[in-house]
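The values are calculated or read from the model by the stated rules, or taken from the named source; none is laboratory data. Note that the structure is a prediction, hence the values are computed from the model and not measured. Positions of Cβ are backbone-derived with ideal geometry, glycine not excepted, and every protein chain shown enters the neighbour counts.
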Amino acid sequence: MKKKRYVLCALLCILTLLLSSCTVNWFDKQYDVAWWVIAIPVTVWTLAWLIGGSCYIASKKYICPTCTRSFSPKWYRAMFSIHMNDDRLFKCPYCGKRSFCRLDRGSED
């Protein structure tokens, strides 16, 4: 799984490096922007998103309100789930009901 993330990150970096220049229109004026002005923010954002998802969110456990069992979702499902505060919309792997599951405070360090 980690290998896929590194490959995705490497492909994204290569794709952004292929941009040689970009023309930006700003208030009826045209500017040529270097490739690194686009590549660096995209790379930093991608790395922050991958690290945040795989390290922080993947370590959390949630409690199903229907069956009251605790489960850990996959990090990409947690990243893309609808959430309000600490509650996230998941489908419980045990009972199959889709609902807002609250964060299990007992699983935090």
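Per-residue answers, yes or no, for (1) loosely packed, with under 12 Cβ neighbours inside 10 Å; (2) over 29 Å from K3 (Cβ atoms):
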| position | (1), (2) |
| --- | --- |
| Q30 | yes, yes |
| T43 | no, no |
| A48 | yes, no |
| I51 | yes, no |
| C55 | yes, no |
| S72 | no, no |
| C95 | no, yes |
| L103 | no, yes |
Would you be able to say whether some residue in region 60-70 is free of Cβ contacts under 8 Å to residues at least 12 places away in the same chain and not assigned by TED's automatic domain parsing to the domain that holds I14?
yes
Of all residues making up region 30-73, the number that are among the β-branched types (V, I, T) and closer than 22 Å to K91 by Cα:
4
